[in-house]
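This report refers to the structure that appears directly beneath it.
The values are calculated or read from the model by the stated rules, or taken from the named source; none is laboratory data. Values in this document were obtained by computation on a predicted structure and should not be read as measured data. We place every Cβ from the backbone using ideal geometry, glycine too, and count neighbours over all the protein chains shown. Heavy atoms of the whole protein, side chains included, go into the accessibility calculation; ligands, DNA and RNA do not. Shrake-Rupley method; radii C 1.70, N 1.55, O 1.52, S 1.80 Å.
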Amino acid sequence: MTDSRFYRRQGPFTLAHLAELSGGELSDPSMAERLITDVAPLYRASADDISFLDNRKYVQAFEASGAGACVVHPDLADRAPEGMGLIVTSEPYRAYAMIAHAYYPQSNAEAGISPQALIDPTAKIGADVRIEAGAVLCAGVEVGDRCHICAGAVLRDGVSIGDDCYIGSNAVLSYTVVGNKVWIHAGAAIGQDGFGFAMGPKGHLKVPQLGRVVIQDDVEIGANTTIDRGAGPDTVIGEGCRIDNLVQIGHNVELGRGCVLVAQVGVSGSTRFSDFVVAGGQAGITGHLKIGPGARIGAQSGVMRDVPAGQTVIGSPAVPAKEHWRQIGMLERLAKKHGA
Amino acid sequence: MTDSRFYRRQGPFTLAHLAELSGGELSDPSMAERLITDVAPLYRASADDISFLDNRKYVQAFEASGAGACVVHPDLADRAPEGMGLIVTSEPYRAYAMIAHAYYPQSNAEAGISPQALIDPTAKIGADVRIEAGAVLCAGVEVGDRCHICAGAVLRDGVSIGDDCYIGSNAVLSYTVVGNKVWIHAGAAIGQDGFGFAMGPKGHLKVPQLGRVVIQDDVEIGANTTIDRGAGPDTVIGEGCRIDNLVQIGHNVELGRGCVLVAQVGVSGSTRFSDFVVAGGQAGITGHLKIGPGARIGAQSGVMRDVPAGQTVIGSPAVPAKEHWRQIGMLERLAKKHGA
Amino acid sequence: MTDSRFYRRQGPFTLAHLAELSGGELSDPSMAERLITDVAPLYRASADDISFLDNRKYVQAFEASGAGACVVHPDLADRAPEGMGLIVTSEPYRAYAMIAHAYYPQSNAEAGISPQALIDPTAKIGADVRIEAGAVLCAGVEVGDRCHICAGAVLRDGVSIGDDCYIGSNAVLSYTVVGNKVWIHAGAAIGQDGFGFAMGPKGHLKVPQLGRVVIQDDVEIGANTTIDRGAGPDTVIGEGCRIDNLVQIGHNVELGRGCVLVAQVGVSGSTRFSDFVVAGGQAGITGHLKIGPGARIGAQSGVMRDVPAGQTVIGSPAVPAKEHWRQIGMLERLAKKHGA
């Protein structure tokens, strides 16, 4: 049961309806009319709730769960406790997401512009926009339809954002052009000067940063993440990227479509990710590299060379995964043999 | 001498009084009435000041110090310069803390609600609260007694905080329930969506995040730290935890009582820390793990497996400390022998 | 061509003028009067633009560039395409910076104090200052001449800043004394309590943090970076330092002049950097260390011991660079030989 101070629920829905909207199959059609009122985690779900199993680590919780229904992969369906309704699908997490969206549709925050928002008269604002008290829109800002600008967010001079965007509290955007359906979480800092200066023994000379940050459609950017604008080229975040909290993106970086950067990753200047690259938490990628499509970078890895398409690299310095694990294994064996 | 623009001092106090309030023993009772006016670091302390020695690295500074008095462990007391008053205790840092609190009691910021704070009429505010200009309290927010909400802090819809809390400037809380005596420093972002989506080649589908962040009593959370709310379960920060700056806590994480997370640590989703776990700076802990009570995780370590109670692990991937140092030692020896 | 929503350009200038102001030499004096209207990256530059080549990785782009002129090192000048004007210098990046400053002088933001800024009546403000809507200046704050305080920035009680400073949106300063020509980017949190407490099984006792942060002249501090104030001594950032985004600086740390800390570096309490130390991205430096002048710390390194002047260290734990690469090389060879 969600906390009513924060969430408002739709429903209830029948199992048949949930199976249909999620693209899964109801394993026992006699349960089609069973009413489900909410989603809940396995360990907490009751007979009125639907849950999901997506990670083998939680099979025991699944077996012991009191959930009225569950979304599950066919391989694990036979582990279900008796009486549980099952929606079977090869993608249980995705199916669960669709069901959860039915109960908790993306909040259509009430439109309205707070009289306590600080809006420059030259700003252009679309229809059905929500702008909260304390938000700041500077000169020449453009905001599309149905956007939600939270308290304390700052859109600096000339920033433009498309339709259906969410800008979290105290996020700061400058020198930035944002597409549609972009979510930027609290405290993200986007578009400030890149770390550009000519080092020298008599002092470091700042290099003017003259590009922008371009964020394409359907991107999510985590809390307190930082993205520097380009030095001359733009910094580009490709369509559908998912960037977690406290990530650092240097100037001129380009991310292709659908890249996933887990928390605390750092990408140095001018590096280019192709489409669907995944970087694990705290990984660091040196500047001026090319990371091929579908490459995967292990958590905490330090990438110092280009990575070919589809390759998985791990370690610091990062090497192909197989090589990494061979080194780790050998180190363990040798330490046992030679160790004092 | 502290900077009077920032600090107001109490006192002076006699050495006898300081020994008593700190639980230490005055090594030379004839000094009981010596008046001490301030605390100061060893290298800067004068005859009116009391200092402390807690780290053997600073024994030389201790020997050379002009401090009128010092808090010190019995093992090091004989290194004191002549004439220095000594308060001897097995916990000098703790004793020093109590003395410093006497000279600089936690600032009872003057109560009062700024007319320039942006407070929704439905917010409920306790007694003797200080709310500064530019702070934002949204609909349904509840604030306990004697809280201090700094300029630019944002408490979003439905957030509740207990008594005696401090919310730093530009911190953002959403979907969060906070206990008593909690300190949240500037820029922390707490309660935003976790990093939840079903990955897929046609795009990543966002999974609604339906839990909360629950912060128990007596917790301190560092500047620009990020804590995502639970996906269905809550994210829980246990009583007495100390979390440093720029730490990332993923959705559904649970920290037990008294855990210490040093700066830039990252904890991935659904991992559970038992009580009194310590994680060194920049350590990363993978998701869905169990870390036993009293476990210690070395700085920069990458933890990929459960850690049993009381164990110390180091390295990336992390292994028990003894094994780690054996590997490091062997690597050094081999490189000397075989190296080009 | 820069985006006119964000940038206003000066010029055009002749090649002779650009050569003179940048200290470079025009390789073909017959081109002295060629008019150049803008700076641009090699791949995008046209006949009216000047570009630069500073990294051998981009020699191909240089050879194929349509730029009317380029700043280049003498060693690479002969790779230029025919007809390109060349300004030759041993420091092309620095020369380019000077040229870019000519086209895009540091924005003299229009002076003026927004009536929507929240300024305590006891604050003292210099001449020609710009303070934006939503900025907060608390009691006793002092701001020098020609400063620019952005929307949402908070200067807490007693903070003072010198002349020609820039304080980005939603940055927070407390217990801090700032020199002249200091740039602090969006969301930086400076001066909060250090991570000081006496650990104990019955709870961790907070130690009052009684120092300040002192930031000397000509310093740049990145977005969402955190700098804790001293515990008793001050935390000091030396003249000319460049600190990137998401860096953590613990209490009592002292940085000498001209240090460079790349993104996500963490420096633990009481460590001292001498002048011109460089720390690569995500490096971590343990507390109470001394890092000698000109030392270089590799990205992701974990420094656990003092580093002598001029030494380069890499790895976690960090060792001298030569030793590190010898270990890495040996590990690779052994894994190939012994690996399964």
**Report entry** Count of residues meeting criterion [at pLDDT 95 or above, of a type in the set (Gly, Ala, Ser) and more than 24 Å from A:Ala283 (Cβ to Cβ)] in the range C:285-340
**Finding:** 6
Report task. Working only within the range A:321-332, note down all residues that are more than 10 Å from chain C (Cβ to nearest Cβ) and open to solvent by 50 Å² or more (accessible area, probe 1.4 Å). Result -> A:Glu332
Query raised in the report: Looking at the range C:240-269, which of the residues that are buried (at least 24 other Cβ atoms within 10 Å of the Cβ) and more than 14 Å from chain A (Cβ to nearest Cβ) is nearest to the chain's Cα centre (by Cα)?
Result: C:Ile249
Report task. Go through the range A:8-39 and give me each residue that's open to solvent by 80 Å² or more (accessible area, probe 1.4 Å) and within 13 Å of chain B (Cβ to nearest Cβ). Result -> A:Arg8, A:Arg9, A:Gln10
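Okay, residues lined up against (1) closer than 25 Å to C:Asp157 by Cα; (2) at pLDDT 95 or above; (3) hydroxyl-bearing (Ser, Thr, Tyr):
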site: B:Lys124; (1), (2), (3): no, yes, no
site: B:Asp128; (1), (2), (3): yes, yes, no
site: B:Gly134; (1), (2), (3): yes, yes, no
site: B:Glu142; (1), (2), (3): no, yes, no
site: B:Cys150; (1), (2), (3): yes, yes, no
site: B:Asp157; (1), (2), (3): no, yes, no
site: B:Ser160; (1), (2), (3): no, yes, yes
Query raised in the report: If we keep just the residues of the range A:1-40 that are of a type in the set (Asp, Glu) and without any contact (Cβ under 8 Å) to a residue 12 or more places away in the chain, which is farthest from A:Phe52 (Cα to Cα)?
Result: A:Asp3
Query raised in the report: Checking C:Val59 against (1) open to solvent by 70 Å² or more (accessible area, probe 1.4 Å); (2) assigned to a helix (DSSP H, G or I); (3) at pLDDT 95 or above, which test does it fail?
Result: (1)
Report summary line: Residue hits (the range B:17-54; in a loop (DSSP other than H, G, I, E, B) and closer than 15 Å to B:Ala77 by Cα) are B:Gly24, B:Ser27, B:Asp28, B:Leu42, B:Leu53, B:Asp54
Report task. Identify all residues within the range B:161-184 that are buried (at least 24 other Cβ atoms within 10 Å of the Cβ) and either touching an Asp or Glu at 6+ places or on another chain (Cβ under 6 Å) or not in a loop (DSSP other than H, G, I, E, B) (or both); write none if there are none. Result -> B:Ile161, B:Ile167, B:Val172, B:Leu173, B:Thr176, B:Val178, B:Ile184
Query raised in the report: Restricting the search to the range A:144-160, which residues are more than 8 Å from chain C (Cβ to nearest Cβ) and not in a loop (DSSP other than H, G, I, E, B)?
Result: A:His148, A:Ile149, A:Leu155
Report summary line: Restricting the range A:126-143 to residues that are within 14 Å of chain B (Cβ to nearest Cβ) and of a type in the set (A, V, I, L, M, F, W, C), the one nearest to A:Lys181 (Cα to Cα) turns out to be A:Ile131
Report summary line: When the range C:185-239 is checked residue by residue, the ones that are open to solvent by 10 Å² or more (accessible area, probe 1.4 Å), under 20 Å from C:Asp163 (Cβ atoms) and in contact with a Lys or Arg (Cβ under 7 Å, 6 or more places away or on another chain) are C:Arg212, C:Asp217, C:Asp218, C:Glu220, C:Glu239
Requested in this report: Please work out if C:Gly315 is open to solvent by less than 30 Å² (accessible area, probe 1.4 Å), touching a helix residue (DSSP H, G or I) at 6+ places or on another chain (Cβ under 7 Å) and either within 27 Å of A:Val267 (Cα to Cα) or of a type in the set (D, E, K, R) (or both).
Outcome: yes
Query raised in the report: Quick one: would you say A:Ser51 is open to solvent by less than 10 Å² (accessible area, probe 1.4 Å) and closer than 30 Å to B:Gly203 by Cβ?
Result: yes
Query raised in the report: What single numbered condition from (1) touching a strand residue (DSSP E or B) at 6+ places or on another chain (Cβ under 6 Å); (2) more than 7 Å from every other protein chain (Cβ to nearest Cβ); (3) not charged (D, E, K, R) fails to hold for A:Phe276?
Result: (1)
Query raised in the report: Looking at the range A:40-71, which of the residues that are more than 11 Å from chain B (Cβ to nearest Cβ) and not hydrophobic (A, V, I, L, M, F, W, C) is farthest from A:Leu18 (Cα to Cα)?
Result: A:Gln60
Query raised in the report: Any idea which of C:Lys290, C:Lys336 is open to solvent by 60 Å² or more (accessible area, probe 1.4 Å) and away from chain A (no Cβ under 14 Å)?
Result: C:Lys290
Query raised in the report: Limited to the range C:76-96, what total is found for residues that are crowded, with 19+ Cβ neighbours inside 10 Å, assigned to a loop (DSSP other than H, G, I, E, B) and more than 9 Å from chain A (Cβ to nearest Cβ)?
Result: 3
Query raised in the report: Among C:Gly280, C:Gly310, which is open to solvent by less than 20 Å² (accessible area, probe 1.4 Å) and of a type in the set (Gly, Ala, Ser)?
Result: C:Gly280
Query - Hey, C:Arg272 crowded, with 19+ Cβ neighbours inside 10 Å and among the charged types (D, E, K, R) or not - result: no
Query - Residue check, A:Glu254 assigned by TED's automatic domain parsing to the domain that holds A:Gly281 and touching a residue at least 60 places away in the same chain (Cβ under 8 Å) - result: no
**Report entry** Of residues in the range A:97-125 being under 27 Å from A:Ala40 (Cβ atoms) and open to solvent by 80 Å² or more (accessible area, probe 1.4 Å), the one farthest from the other protein chains (Cβ to nearest Cβ)
**Finding:** A:Asn108
Requested in this report: Name, by its number, the condition in (1) more than 10 Å from chain B (Cβ to nearest Cβ); (2) farther than 20 Å from B:Gly152 by Cβ that does not hold for C:Gly168.
Outcome: (2)
